[in-house]
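The values are calculated or read from the model by the stated rules, or taken from the named source; none is laboratory data. Given the structure is predicted, the values throughout are model-derived calculations rather than measurements.
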Amino acid sequence: MAFEAIQKVTQTEEASRGQKAEAAAQAKRIVADAQRAGKALVAEARARAQEKAKAMMAQAEELAAQQSRQVLEGNAQACEAMKRQARGHLEQAADLIVGRVGKN
């Protein structure tokens, strides 16, 4: 009976070692799977962030272009107004010169 008990203990120890080895292997697989999943999530988040940054840059560039067009248009209008005003002064200056030349 002692021999049978020793055999049973030996079998139990072997089974225990096998279970420990399987548990360790399973733990490694779980960790590896979790790391892969984590890396995938990080990559996905990074891709989303890059797309969002691209969209924001495009929006900012469009806004800057609109503002630039508005400033250029405003400056063109101001330039035309100054030209009209200068033409009016040109006529006054010509009249003044003609008047002075005529007196001499």
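Here is a yes/no grid of residues against (1) under 48 Å from the mean Cα position of the chain (by Cα); (2) of a type outside the set (Lys, Arg); (3) in a helix (DSSP H, G or I):
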residue: 10; (1), (2), (3): no, yes, yes
residue: 13; (1), (2), (3): no, yes, yes
residue: 20; (1), (2), (3): yes, no, yes
residue: 39; (1), (2), (3): yes, no, yes
residue: 46; (1), (2), (3): yes, no, yes
residue: 56; (1), (2), (3): yes, yes, yes
residue: 60; (1), (2), (3): yes, yes, yes
residue: 86; (1), (2), (3): no, yes, yes
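Taking the conditions exactly as written (at pLDDT 95 or above, within 21 Å of the chain's Cα centre (by Cα), of a type in the set (A, V, I, L, M, F, W, C) and in a helix (DSSP H, G or I)), does residue 24 satisfy them or not? Lay out the reasoning, then the answer.
Numbers: at pLDDT 95 or above: yes; within 21 Å of the chain's Cα centre (by Cα): no; of a type in the set (A, V, I, L, M, F, W, C): yes; in a helix (DSSP H, G or I): yes.
Answer is no for this residue.
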